[in-house]
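Chemist: One structure follows; several queries about it will come next.
Read-outs throughout are calculated quantities, based only on the coordinates presented, and are distinct from any laboratory measurement. Computed from a predicted model, the values in this text were never measured in an experiment. Because the Cβ atoms are built from the backbone with ideal geometry, glycine has one as well, and the counts that use them run over all protein chains shown.
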Amino acid sequence: MTKKTSHSNKVDRRKFLAGVAVAGAAAVTSEAKAILPSGKEAPRVPSVVRPSTQFAQAQISTPTVTDHGAHAGHPGLMHGKPGSDYMLDCIKALDIDYVITNPASSCRGLHDSIITYGDNKKPELLTVMHEETGTAMAHGYFKVTGKPAISLCHGTVGLQHAAMAIYNAWCDRAPVIMMIGNSLDANQRRPGVPTTHSVQDPASMVRDIIKWDDQPTSLVHFGESMMRAYRIAMTPPYEPVLLVLDEDLQEHGVESFPRIPKMAMPAPPTGNPNAVREAARLLVNADNPVIVADRACRTQAGVNSLVQLCELLNATLVDQGGRMNFPNQHPLYARGTAPVTQADVVLGLELTDFFGTVNEFIDNPGAEQSSRLKQGAKLISITAVDLYMKSNFQDIQRYQPVDISIAADTEATLPSLIEAVKVEMTPARRAVADKRGQAAKAAYAQSKERMRADAAGQAWNASPVSSSRLVAELWSLIKTEDWALVGRSLGNWPQRMWDFKQHHQFIGGSGGAGVGYNLPAAVGAALGHKQMGRLPINIQPDGDCMYAPGALWTLAHHQIPLLTIMNNNRAYHQEVMHLQRMAAWRNRRMDRWHIATKIDNPNVSYAKLADSMGVAGIGPIDNPADLGAALKRGIDIVKRGEPVLIDVVMQPR
Amino acid sequence: MKLVIFASVVLSAALFAGAAAIGAPAPAGDAVKGKASYLKYGCYTCHGYEGQGAAATGKKLAPNPLAYPAFTGFVRSTSRDMPPFTEQILPEQDLMDIHAYLRSIPAAPNPATIPLLQGAGG
């Protein structure tokens, strides 16, 4: 490896010695009197002089010695091939589409390699105005495309900005690849801010919420760790990983690059055959089996398998909405907790909270808890999270005892479970299952009528606009398009009114419930849909938008089409409920809850906010009669390939 | 404990689903003042400006609210996720006004007359 060109703060050994001599002489002449040209006698030179400050410092400081032989030629040019070019070659080998960054000097080597050596193509560098935005974009992008993106940022200040988004990705089992710049060698660091931005162990700040990290110290080491990071992130349970890019490693030149390591992805972990067989036996022999799915399906193949399993058993599927798991207009589809109360066997698939699924908790002064289950109900769990969890953050939720626990990836295990169910199924049990199917079809027809009555009865013509009205207006305009919902689900009205069939049509929520996720994740998801020419729709909470509204600029700058509808209810309503509980439990005045919970006085003009960043802004719309035309105008803009934001003043819920 | 909770659920469901039919006389109340109180006490944040309710946060209150005895009984004594509002923090007259406001909310349109809803649900 050749060394990079000398820094201004380095001292050449010969020049250093000469400098010391000059300094010493200067010290002498400054304190002793010379023989003057006029012939006057100069003062006597003392045998010993007090050294100057400069001289003293030169004696006690440790100089940097550069290797002259390594950079013959122009002293301002580096020699050899930049290490960051090799890093980019490794990234390209993994077919990464995007590196998302708020520019950081500690990543300048890789930044330059991407835009010059790599011609800014595959991966393309995208600009964001906050590291939380970039990381959440990578989170959303993965959930649409199934491919990880890289969030590139400073190792200290950038990583701290990104931390909240990393936590969301961690809780949501999303494989974001974090890359952060850092300068390990104190002797090579630029002084001042770059040194302030350097850190011994940057990953320690987020190690509890990432699956793996490394700080490579050679290019060979980087190549191996890049492959390892990708494999670990993309093996269920998917999680974020982090690589620290040493500045010197990025910037130094080398004569030749190491080979790029080969990589084969591990097959996802599947369930133990005996445990799967036992689970099938319980399900087939149950009178009322219920399957609950949270982050169960990673792809459309998973959705298809889950449909097959439910139809074999005619088991109700309770969708907790962590991913698009099941077609919502299927007669076996359900939401909520009611089916669990009637079950004699509950199969939980990648549940975040099995305890909360089968137990009720009331937020009252007694913190009352009770089981939702029928006496003797059996529980089966399949989740890859059993294979990997950490202790500090409590996203693992309460411990729930189960009867069969299968530590495996659900999607990879479903085919063997389906086969086992077929083997266990007898004509008698088939008849029982068929009867359940008939009942489910009848209940489904009733649920459609109930949905229409609920929608009409929930402030249909009111101003501000109701959730059901907005969702119905939208559906009438998008149902013939290739649409996808990339934002929050607005009280589950889309699941009641729309027709979700494809895995990419819904990406679930944030995971960690860290506010500020929705807008940037929607931007990342929309980026994934752009490649496929789809119409992405984001129903955007207003408070969430204001965490990092610069994501709107990224939409415009990178020409990402996205229909954003601002769910502008002008308050943090979730927090209002908590304040009302506190005041009521304490029997105190009930008219102060608005303090620090409302987003008004002044009202935010989201259309103007969008306009200011190059995104077409429409609204505010508070009359439901005006909604249809505004939505149509917005959809036309998105179909032209541009982003748009429609500000709709909404009911609180 | 479990029995108590079960009883509470049953009571709540009965109160919200069927007590309007009991036909108790409506109390005196001012709907205009009631709307102001409905906002002041933050009822709307869970139940909506029109008392329409929302699946995750608050039950439907209007149109056709519970008869006043059942209504006030629940508001004063609930131990569910909605906390109890005692007379000390929500005076009886304010609660009567709120009830008047809820009674003033017009009936919902017939869903069969709304074309948008005919295409909803896949």
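Chemist: Under a Cβ-only charge scheme (Lys and Arg +1, Asp and Glu -1), can you give me the dipole magnitude of the protein assembly as shown about the Cα centre, in debye to the nearest 20?
Modeler: Details: 75 positive and 69 negative charges, 44 e Å.
Charge dipole, the protein assembly as shown, about its Cα centre: 220 debye, nearest 20.
Chemist: Compute the FRET efficiency between residue A:190 and residue A:147 as 1/(1 + (r/R0)^6), taking r as their Cβ-Cβ distance and R0 = 41 Å, and round to the nearest 0.05.
Modeler: Working: r = 35 Å, r/R0 = 0.85.
The value I calculate is 0.70.
Chemist: Any idea how far the Cα center of segment A:236-253 sits from the one of segment A:270-285, in Å?
Modeler: 41
Chemist: Counting partner chain Cβ atoms within 10 Å of every residue's Cβ in A:449-457, what's the average? Kindly include the intermediate steps, with their values, before the conclusion.
Modeler: Details: counts 3, 1, 4, 9, 5, 7, 7, 9, 11.
Per-residue shielding by partner chains comes out at 6.
Chemist: Between residue B:112 and residue A:115, what is the label-point separation in nm under the 7 Å Cα-to-beta-carbon projection?
Modeler: 6.5
Chemist: Across segment A:525-532, in residue order, what do the Karplus-derived ³J(HN,Hα) couplings come to in whole Hz, using 6.51 cos²θ - 1.76 cosθ + 1.60 with θ = phi - 60° and x for Gly and Pro?
Modeler: Going residue by residue, I get 5, 4, 4, x, 6, 4, 4, 9 Hz, with x marking Gly and Pro.
Chemist: Provide the net charge surrounding residue B:31, with neighbours chosen by a C-beta distance below 10 Å and charges set as Lys +1, Arg +1, Asp -1, Glu -1. Before the final figure, lay out each step's value.
Modeler: Working: positive: B:33, B:35, B:103; negative: B:30, B:97.
Residues near residue B:31 contribute +1 overall.
Chemist: Expressed in nm to one decimal, what extension gain is obtained for the pair residue A:308 and residue A:601 from 0.36 nm per residue of sequence separation less their Cα-Cα distance?
Modeler: Contour length minus the Cα-Cα distance gives 100.2 nm.
Chemist: What number, rounded to the nearest 500 deg cm²/dmol, is the helix-based mean residue ellipticity at 222 nm of the protein assembly as shown, given -39500 (n - 2.57) per DSSP H run of at least four residues and division by all its residues?
Modeler: Numbers: 29 runs with 310 residues, N = 775.
Rounded to the nearest 500, the figure is -12000 deg cm²/dmol.
Chemist: Check residue A:540: other-chain or 5+ apart residues with amide H under 5 Å from its amide H, H built from backbone geometry?
Modeler: A:565, A:566, A:567
Chemist: Under the 0.36 nm per residue contour assumption, what length would be gained going from the current alpha-carbon distance of residue A:402 and residue A:585 to full extension? Each step should come with its number before you reach the end.
Modeler: On the way: separation 183, 0.36 × 183 = 65.88 nm, distance 3.55 nm.
Extra length available between residue A:402 and residue A:585 comes to 62.3 nm.
Chemist: Find out how many positive minus negative residues lie around residue B:64, taking Lys and Arg as positive, Asp and Glu as negative, among other residues whose Cβ is under 14 Å from that of residue B:64. Let's see the in-between values first.
Modeler: Numbers: positive: B:59, B:60, B:103; negative: B:50.
So the surrounding residues net to +2.
Chemist: Quick one: length gained pulling residue A:201 to residue A:74 fully straight, 0.36 nm per residue minus the C-alpha distance? Display every interim value, and only then the final one.
Modeler: Values: separation 127, 0.36 × 127 = 45.72 nm, distance 3.53 nm.
42.2 nm is the gain from fully extending residue A:201 to residue A:74.
Chemist: Measure out, as a whole number of angstrom, how far apart the alpha-carbon centroids of segment A:402-422 and segment A:164-232 sit.
Modeler: So the two Cα centres are separated by 36 Å.
Chemist: Before anything else, pin down the relative contact order of segment A:458-649: Cα pairs under 8 Å, at least 6 apart, normalised by residue count, whole percent.
Modeler: Numbers: 322 pairs, mean separation 46.8, N = 192.
Dividing the mean separation by the residue count of segment A:458-649 yields 24 percent.
Chemist: Next up: Where does the charge balance sit around residue A:595 when Lys and Arg score +1, Asp and Glu -1, over other residues with C-beta under 14 Å from its C-beta?
Modeler: Details: positive: A:588, A:589, A:592, A:598, B:40; negative: A:575, A:591, A:600.
Once all neighbours under 14 Å are counted, the net charge is +2.
Chemist: I need to check one value: relative contact order of chain A, counting alpha carbon pairs closer than 8 Å and at least 6 residues apart, in percent.
Modeler: On the way: 1315 pairs, mean separation 81.2, N = 653.
Result for chain A is 12 percent.
Chemist: Contact order normalised by length for segment A:65-146, with contacts defined as Cα pairs under 8 Å and 6 or more residues apart; what percent is it?
Modeler: Once normalised by length, the contact order is 29 percent.
Chemist: Return the subset of A:598/B:60; A:435/A:501; A:378/A:422; A:608/B:33; A:378/A:448 for which the Cα-Cα distance in this structure is over 27 Å, preserving the input order.
Modeler: Details: A:598/B:60 23 Å; A:435/A:501 25 Å; A:378/A:422 20 Å; A:608/B:33 35 Å; A:378/A:448 31 Å.
Listed pairs above 27 Å: A:608/B:33; A:378/A:448.
Chemist: Any idea what the dipole of segment A:458-649 comes to, in debye rounded to 20, about its Cα centre with Lys/Arg Cβ at +1 and Asp/Glu Cβ at -1?
Modeler: Working: 19 positive and 15 negative charges, 98 e Å.
With only Lys, Arg, Asp and Glu charged at Cβ, the dipole is about 460 debye.
Chemist: Give me the percent of Cα-Cα pairs in the protein assembly as shown that sit more than 43 Å apart, rounded to a whole number. Each step should come with its number before you reach the end.
Modeler: Details: 119456 of 299925 pairs.
The calculated P(r) of the protein assembly as shown puts 40 percent of pairs beyond 43 Å.
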